[in-house]
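Student: Encoded as structure tokens, here's the structure I'll be asking about.
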Amino acid sequence: MTLRNALVAVVAVGLMTTSGSSNQAQTFGTNIVPVETPAGPDSAQPQLTVSARGVLLSWIERNGGLAALKFSERKGAGSAGWPLPALGIMKKN
């Protein structure tokens with residue numbers, strides 16, 4: 001599963017689940033659009049974490065004999081996209 005497909009799946013599941021104690025059916029409109037991530041081409045193990053500040057995306061990128069844990073935080077629904085990634089740690093295989 002590619003990182004993009006994983007993100008779309010997580011967003012779709014999040015939109016399908018609703019919270020509330022009402023037994024009435026809730027109706028809402030959705031518009032699922034692909035969102036470009038800052039992850040590189042050799043990325044794997046995506047992880048989405050939600051907080052009050054926004055959504056944190058982390059992943060592992062491989063480049064030759066190096067593996068790097070990278071992350072990016074998208075703040076708020078109105079933000080234009082993912083900011084450039086930050087490096088968490090890099091290690092030789």
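Student: Taking only pairs six or more apart or across chains, which ones have beta-carbon atoms under 8 Å, a first residue in the range 31-42 that is loosely packed, with under 10 Cβ neighbours inside 10 Å, and a second residue that is assigned to a loop (DSSP other than H, G, I, E, B)?
Tutor: Between residues of the range 31-42 that are loosely packed, with under 10 Cβ neighbours inside 10 Å and residues that are assigned to a loop (DSSP other than H, G, I, E, B), the close pairs are Glu36/Gly81; Glu36/Trp82.
Student: For the range 25-47, give me each residue that is assigned to a loop (DSSP other than H, G, I, E, B), within 30 Å of Leu66 (Cα to Cα) and more than 11 Å from the chain's Cα centre (by Cα).
Tutor: Those that are assigned to a loop (DSSP other than H, G, I, E, B), within 30 Å of Leu66 (Cα to Cα) and more than 11 Å from the chain's Cα centre (by Cα): Pro34, Gly40, Pro41, Asp42.
Student: In addition: Name the single residue, out of those in the range 57-78 being of a type in the set (D, E, K, R) and not in a loop (DSSP other than H, G, I, E, B), that is modelled with the lowest pLDDT.
Tutor: Arg74
The values are calculated or read from the model by the stated rules, or taken from the named source; none is laboratory data. Here the structure is a predicted model, which means the values were calculated and not measured. Cβ sites come from the backbone with ideal geometry, for glycine too, and all protein chains shown count toward neighbours.
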